[in-house]
Amino acid sequence: MKNKFFLKMDKLDLKILKYLKDKKEIDLSNFSKKTGLSKEKIKNRFKKIEAIYSLHEINEFDVDPTSGKLFAYVYETGEKDLKDIAMEAFNLYAEKNVLDFTVFKSDILFEREIVNFGKKLMHGNENVVGTVTYGGTESIFLAVKAARDRYKKLYGKDKVPEIIAPVTIHPAFLKAADYMVLNIKRVPVNENLKANIESIKESITDKTALIAISAPNWPYGTIDDVKDISDIALDKNIPLHVDSCVGGFILPFFEMLDEKVPPFDFRVPGVSSISLDVHKYGYTTKGASIVLFSSPDYKKFSIYVDSTSPGYLFVNQAVLSSRSVGPFAAAYATIKYLGIDGYKRLAKKVLIARDRIYSGLKELGFRSTGPVESSILSLYSDKVDLLGYAYNMKNKGWHISLQKPVKDYNIPLNIHLTISPVHYRVAQRFIIDSRESISIPSKINMQEIKNLIENGEMGKVVEYLENGSIDSGIIPILLENLPEDIASDLVKDIVIGWFK
Ligand SMILES: Cc1ncc(COP(=O)(O)O)c(C=O)c1O
């Protein structure tokens with residue numbers, strides 16, 4: 001626990017810490033007598049140390065996000081200076097509230113700078129404007145709201161507007177459609193795991209409010225054919241959203257490094273909004289994403305204003321209202337520190353790591369489900385038992401997500417690896433451990449877990465999840481043959497049980 005807090009402790013603090021570690025009752029009178037401090041003061045010190053100590057104890061429950069052993073959730077650089085700068089910014093602005101940016105003007109400055117950087121990366125012209133949100137899902141919500149409200153203004157309020165998107169689209173669009181009462185029509189992907197263009201064309205009706213595609217999508221890392229889809233969108237006067245939450249802060253740098261990246265940003269004329277996350281390949285702390293709109297008029301549809309309530313003038317550019325300015329300060333500082341050159345340097349590490357891991361796993365019998373076009377690998381194998389492999393890797397500390405097979409598109413069970421700069425350092429070890437893991441027989445008893453789920457014994461499943469005998473990654477595979485509503489109900493039961 002070589003944390004700043006512990007380093008700053010005085011003698012009394014260290015004594016209290018020892019009591020806590022030894023789980024001994026503290027005798028306030030005795031402590032008070034020895035130190036000359038009042039019982040009240042000792043009690044407060046004790047409470048403070050206890051609260052912080054408990055945080056450090058709880059911290060041990062988690063996988064270390066800096067270890068390089070995760071291939072999702074975090075985008076680790078392994079660079080300490082970067083982290084120090086982001087945390088300094090985060091702490092400095094933690095107590096300020098985005099809610100009223102006329103009071104906390106720093107928010108306006110941070111958002112402007114962050115949006116301008118994103119706009120430059122996405123080749124936006126002077127009309128492009130944006131909003132900084134707390135995450136990709138929130139950016140997507142705003143893009144969907146803009147499309148919905150534009151549709152209602154143009155075509156009236158009686159129809160339920162529709163979003164057309166490929167099956168690979170992020171679930172945030174389904175969630176946004178659900179929350180904001182739109183229908184979503186999901187179209188198939190072609191053999192390259194990109195949105196099927198003919199199906200998009202055929203799905204368009206007078207209810208279509210938005211076409212949403214990805215650059216790249218999360219499951220397979222492939223980039224939809226933005227140019228061809230943009231032609232359709234322009235022809236039919238339908239807004240086109242490009243979800244570049246994952247790609248927005250990495251693909252531009254791949255392009256600068258002479259990788260082949262198909263056009264996906266505002267250089268494509270039909271693109272009307274783009275989401276890109278600073279808290280992914282922008283490498284800031286969680287809580288920062290950008291949504292860009294092709295014009296101020298279009299952005300207007302994404303803002304919520306209420307001037308009728310008796311309290312304050314309610315102006316929300318994003319979904320949430322009161323929020324800490326901290327994450328925006330961290331995003332601003334990270335962008336300022338890294339700049340184009342810093343991001344390019346880190347993108348180079350990602351490319352090298354991706355290629356090392358891909359070629360190493362290819363030698364072990366893995367194959368890519370689609371073309372490798374981004375920082376995401378999705379790999380299957382006819383030779384390797386992937387469940388056993390992921391399980392054995394987990395015992396070596398690696399966390400590998402499994403993705404279920406999708407029979408309709410001939411996609412087999414596959415593993416998902418989102419590559420971060422830190423993987424540059426661990427790629428070799430990863431391949432060595434992979435080689436070992438595929439040669440150890442699997443201990444996982446899928447049938448037993450399947451039976452538990454089918455018999456509704458969720459308590460046992462939760463217990464296995466908690467003690468790490470099974471990884472939450474296999475749940476979708478176990479639920480695969482169940483009807484959608486039953487599956488989601490079971491998942492809700494598991495989650496409620498877990499949080500109880
Ligand atoms: C392609 C894509 N879009 C959107 C999101 C949602 O981002 P967030 O988790 O920040 O809400 C993700 C998250 O991984 C993603 O991969």
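Coordinate-derived values only; no laboratory data. Keep in mind the model is a prediction, meaning the values are calculated, not measured. FYI the Cβ positions are ideal-geometry reconstructions off the backbone, even for glycines, and counts take in every protein chain you see.
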Mind listing whichever residues of the stretch 253-265 are within 16 Å of the ligand (Cβ to nearest atom) and acidic (D, E)?
-> D265
Tell me, please, whether a residue that is more than 30 Å from G468 (Cβ to Cβ), β-branched (V, I, T) and without any contact (Cβ under 8 Å) to a residue 24 or more places away in the chain can be found in the stretch 107-118.
-> yes
Here are Y424, Y464: which of them is surrounded by 18 or more Cβ atoms within 10 Å (Cβ to Cβ) and touching a helix residue (DSSP H, G or I) at 6+ places or on another chain (Cβ under 8 Å)?
-> Y424
Run down I274, I250, I238 and say which single residue is hydrophobic (A, V, I, L, M, F, W, C) and away from the ligand (no atom under 13 Å from the Cβ).
-> I238
Criterion (within 21 Å of the chain's Cα centre (by Cα), surrounded by fewer than 23 Cβ atoms within 10 Å (Cβ to Cβ) and aliphatic (A, V, I, L, M)) met by exactly one of A172, A143 | A172
Taking the stretch 164-188, which residues are of a type in the set (V, I, T) and either within 14 Å of the ligand (Cβ to nearest atom) or in a loop (DSSP other than H, G, I, E, B) (or both)?
-> V167, T168, I169, V181
Name the residue, out of D258, D265, D277, D243, that is out of contact with any Asp or Glu (no Cβ under 7 Å at 6 or more places or on another chain) and farther than 23 Å from A165 by Cα.
-> D258
Quick check: is even one residue across the stretch 90-112 assigned to a helix (DSSP H, G or I), under 30 Å from T208 (Cβ atoms) and either touching a helix residue (DSSP H, G or I) at 6+ places or on another chain (Cβ under 7 Å) or away from the ligand (no atom under 15 Å from the Cβ) (or both)?
-> no
Can you confirm whether the stretch 314-334 contains a residue that is more than 14 Å from the ligand (Cβ to nearest atom), free of Cβ contacts under 8 Å to residues at least 12 places away in the same chain and surrounded by fewer than 21 Cβ atoms within 10 Å (Cβ to Cβ)?
-> yes
For residues that are in contact with a helix residue (DSSP H, G or I) (Cβ under 7 Å, 6 or more places away or on another chain) and free of Cβ contacts under 8 Å to residues at least 60 places away in the same chain, scanning just the stretch 138-163, find the one that is farthest from the ligand (Cβ to nearest atom).
-> P161
All conditions in (1) within 16 Å of the ligand (Cβ to nearest atom); (2) without any contact (Cβ under 8 Å) to a residue 60 or more places away in the chain are true of I197 except (1)
Restrict the check to the stretch 293-310 and report whether at least one residue is in contact (Cβ under 8 Å) with a residue 12 or more places away in the chain, more than 16 Å from the ligand (Cβ to nearest atom), closer than 28 Å to R345 by Cα and hydrophobic (A, V, I, L, M, F, W, C).
-> no
From the set of residues in the stretch 117-137 that are farther than 19 Å from L320 by Cβ, in a helix (DSSP H, G or I) and out of contact with any Leu (no Cβ under 8 Å at 6 or more places or on another chain), which is farthest from the ligand (Cβ to nearest atom)?
-> K120
Return the pairs, sorted by first residue and then second, in which the second residue is in a loop (DSSP other than H, G, I, E, B), the first residue lies in the stretch 407-420 and is under 13 Å from W218 (Cβ atoms), the beta carbons are less than 6 Å apart, and the residues are 6+ apart or on different chains.
-> N414/T369; L417/F71; T418/F71; T418/A72
Tell me, which residue of the stretch 283-292 that is under 28 Å from D149 (Cβ atoms) and surrounded by 24 or more Cβ atoms within 10 Å (Cβ to Cβ) is nearest to the ligand (Cβ to nearest atom)?
-> S289
Before we move on, is S272 farther than 22 Å from V128 by Cα, over 20 Å from the mean Cα position of the chain (by Cα) and of a type outside the set (V, I, T)?
-> no
